[in-house]
1. How about the stretch 159-177: which of its residues are free of Cβ contacts under 8 Å to residues at least 40 places away in the same chain and surrounded by fewer than 13 Cβ atoms within 10 Å (Cβ to Cβ)?
2. Looking at this structure, is Glu156 acidic (Asp, Glu), at negative phi and free of Cβ contacts under 8 Å to residues at least 12 places away in the same chain?
3. I'd like to verify a number: residues in the stretch 133-147 that are more than 16 Å from Arg65 (Cα to Cα) and either assigned to a helix (DSSP H, G or I) or under 16 Å from the mean Cα position of the chain (by Cα) (or both), how many?
4. Is it fair to say Thr119 is over 15 Å from the mean Cα position of the chain (by Cα) and among the hydroxyl-bearing types (Ser, Thr, Tyr)?
5. May I ask you to say which residue of Val209, Val191, Val197, Val120 is more than 21 Å from Asp66 (Cα to Cα), crowded, with 16+ Cβ neighbours inside 10 Å and of a type in the set (Val, Ile, Thr)?
6. Taking strands (runs of 3 or more DSSP E) that fall entirely within the stretch 178-242, which contain at least 3 residues that are closer than 13 Å to Val92 by Cα?
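Read-outs throughout are calculated quantities, based only on the coordinates presented, and are distinct from any laboratory measurement. Worth saying up front: this structure is predicted, and the values here are computed from it rather than measured. For neighbour counting, all protein chains shown are included, and Cβ atoms are generated from backbone atoms with ideal geometry for every residue, glycine included.
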Amino acid sequence: MATRAGYRLTRDRIHLAEHRLGPIARREGYANVEALLTNLWANPVASLGWAVIEALLNVETWFRRDRSPFAAFEKELLPALSRARPGGRVSVWSAGCSTGQEAWSIAMAGLDAGVIVDTVATDLSQRAIEKARSGLYTGFEIQRGLTAQAMLRWFEPAEDNWRARDELADRVRFARANLLDEPADEARFDVIFCRNVLGDMEPSRRARVLDGLERRLVDDGCLFLGLDEQLEGETVAFRPVSGRQGLYVKSPATVRRAA
């Protein structure tokens, strides 16, 4: 799991997530989770390995999570970036988007600010990406972070669920991607959201991901990490923005090196 996804497959983690792996073990014909993992460690099978990885990924998320990053993004960053970009277009990458709530929140902020925001949203989990791409959420999921007014503005009823309206869906492109892999293109972004992704990663894998984020971020761009994620002593590529918890910009040394 560390090699492919950057996360340590410790016994403690397995114990806590055993209920997630039970259905996979039964589906594959194993007596229990321990038998599944013992066989997988002895005889790695790519498809089964990815099924286990996806089951253990933390996909917990909700709309406008933590709120303050989205307020800063909408009220401060978007107007400034839009004025500085050709045609006023701002490009954003939601790296580790899970089931899509973060990406939709970014798109909402852009539309509310009157700025054209082109958002690419990626995640390691194929199941999460499929749900995100569908734009379908239960009433409970919608109400986690959205007011009733926002819910009615951006989503429409779809049987027992709520679906993202076309105006919103047109602003986001979802794709599966591993942050440890080399990017498929050379696209660079004005803003990158990589929130609550790095915390469980092994240090060497964190460094690799951060290096990739630095290369994909324009020199005057901004990086959002989770409010509890810290980079002190780990990298000189980014420096925190004073008074804006979770917000980082490239360090002067990094920009000079790139030039």
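1. Residues of the stretch 159-177 that are free of Cβ contacts under 8 Å to residues at least 40 places away in the same chain, as a first pass: 159-163, 165-166, 169-170.
Result: Glu159, Asp160, Asp166, Asp170.
2. Considered against the rule, which asks whether it is acidic (Asp, Glu), at negative phi and free of Cβ contacts under 8 Å to residues at least 12 places away in the same chain, Glu156 comes out as yes.
3. Residues in the stretch 133-147 being more than 16 Å from Arg65 (Cα to Cα) and either assigned to a helix (DSSP H, G or I) or under 16 Å from the mean Cα position of the chain (by Cα) (or both): 4 in total.
4. Details: over 15 Å from the mean Cα position of the chain (by Cα): no; among the hydroxyl-bearing types (Ser, Thr, Tyr): yes.
The answer is no for Thr119.
5. Working: Val191 fails: more than 21 Å from Asp66 (Cα to Cα); Val197 fails: more than 21 Å from Asp66 (Cα to Cα); Val120 fails: more than 21 Å from Asp66 (Cα to Cα).
The conditions single out Val209.
6. On the way: elements: 189-193, 217-224, 238-240.
The qualifying strands (runs of 3 or more DSSP E) are 189-193, 217-224.
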